[in-house]
Amino acid sequence: MTHHGHDHDHRAGSRKALGWALALTAGFMAVEFAGGWLSGSLALISDAGHMLTDALALGLALLAVRFASTPASGRKTYGFYRLEILAALANGVVLVLLAGYIFYEAFQRLRSPAEIRAGLMIAVALIGLLVNLACFLILRSSSRHSLNVRGAFLHVTGDMLSSAAVVAGGLVIRFTGWLAVDPVLGMLIGLVILRGAYGLVRESVEILLEAAPSGIDAAGVEAALGSLPGVKSAHHLHLWSLSSGIHAMSAHVRIDDQMTSSSDQMLREIRKMMEERFGIAHSTIQLECDGCGETECGLGDCK
């Protein structure tokens with residue numbers, strides 16, 4: 001199967017996984033809100049609010065995956081791949097804001113602890129933990145192939161940790177009466193969410209700034225091109241990502257003077273090597289030879 005076939009399978013799998021996770025999350029969110037109101041647990045209500053954020057994130061991610069599959073047009077010649085990255089960036093920013101809200105609420109609860117019905121709190125949180133665990137398992141595979149799905153996966157992971165903390169906090173409150181355990185656990189959850197959000201925002205921004213893909217070294221690509229028979233050197237090399245796992249490259253390649261038919265064969269060899277060795281699916285190569293003259297790069301300080 002070609003790279004594009006794998007890409008289609010990954011996106012189809014992502015849509016299915018996101019759809020199931022969205023249905024489960026939205027369905028339980030209302031139950032947790034009701035449980036929080038009946039038990040008087042601010043922790044449960046906050047966790048339900050977290051699940052609302054998850055539902056919005058999953059819906060946004062699902063919408064982005066659908067748009068990313070839309071064919072390219074005359075104006076959007078690369079299609080809508082970047083919508084996935086914009087959705088991932090938005091999810092990362094929301095995660096940062098959510099962590100800030102958790103820190104604020106934890107501080108307020110340390111100052112004035114609230115009485116809660118620990119038994120109902122534990123029961124509802126346990127159900128929430130099972131729902132989040134199901135979503136975690138559904139999204140785990142797809143999150144390895146899509147930065148957009150990874151953003152939704154981090155939301156679900158954060159909520160799973162939050163539900164586990166609510167269960168643990170409820171048990172401690174029930175058997176010891178120590179109310180401060182809830183905000184302390186909330187701060188720890190906030191730190192975990194903030195760490196994941198930082199990585200997501202950083203990677204999204206790097207793709208939007210068209211930085212070289214992680215794990216692909218420009219010097220290594222240039223050396224690999226120069227090692228091909230008939231290739232003298234490569235320069236004006238640019239590497240970037242269209243979206244998660246979809247990498248592109250453009251380069252000027254200086255070759256020996258040869259027939260046009262031989263040049264076509266060399267282009268096929270270069271593209272094959274780029275895809276098999278570096279995972280670069282989109283290659284744009286300009287062949288040059290001695291005496292042909294060199295085209296200047298218009299992007300500033302090109303090498």
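Structure notes:
- Under the criterion of Cα pairs below 8 Å and six or more residues apart, the relative contact order for segment 218-289 equals 31 percent.
- Between 0 and 90 degrees, the angle of helix 260-278 with respect to the longest Cα principal axis of the chain falls at about 20 degrees.
- Loop-resident chymotrypsin sites (Phe, Trp or Tyr not before Pro) (DSSP state other than H, G, I, E or B) in segment 52-146 with no more than 14 further Cβ atoms inside 10 Å of their Cβ: Y78.
- Amide H contacts under 5 Å for K232: R254, I255, D256, restricted to partners 5 or more places along the chain or on a different chain, H placed in the peptide plane at 1.01 Å from N.
- Between 0 and 90 degrees, the angle of helix 82-111 with respect to the longest Cα principal axis of the chain falls at about 30 degrees.
- Three-way shape label, the chain, alpha-carbon gyration tensor, a/c 1.5: prolate
- Of all DSSP beta bridges in segment 218-289, antiparallel share, percent nearest 5: 50 percent
- DSSP beta bridges in the chain [antiparallel fraction, %, rounded to 5]: 50 percent
- Mean residue ellipticity (222 nm) of the chain, computed from DSSP H runs ≥ 4 via -39,500 (n - 2.57), nearest 500: -24000 deg cm²/dmol
- Spin-label pair R202/S227, simplified geometry with 7 Å Cα→Cβ offset, distance in nm: 3.0 nm
- Extension gain from S250 to A34, taking 0.36 nm per residue of separation minus the Cα-Cα distance: 72.2 nm
- P(r) tail fraction, segment 140-267 - alpha-carbon pairs more than 18 Å apart, %: 69 percent
- Taking the longest Cα principal axis of the chain as reference, the axis of helix 42-68 is set at about 20 degrees.
- Under the criterion of Cα pairs below 8 Å and six or more residues apart, the relative contact order for the chain equals 17 percent.
Any read-out appearing in this document is the output of simple, stated calculations on the displayed coordinates, not a laboratory observation. These numbers were taken from a predicted model, which means no experiment stands behind them. Reconstructed Cβ throughout: ideal geometry from the backbone, glycine too, with neighbour counts over all protein chains shown.
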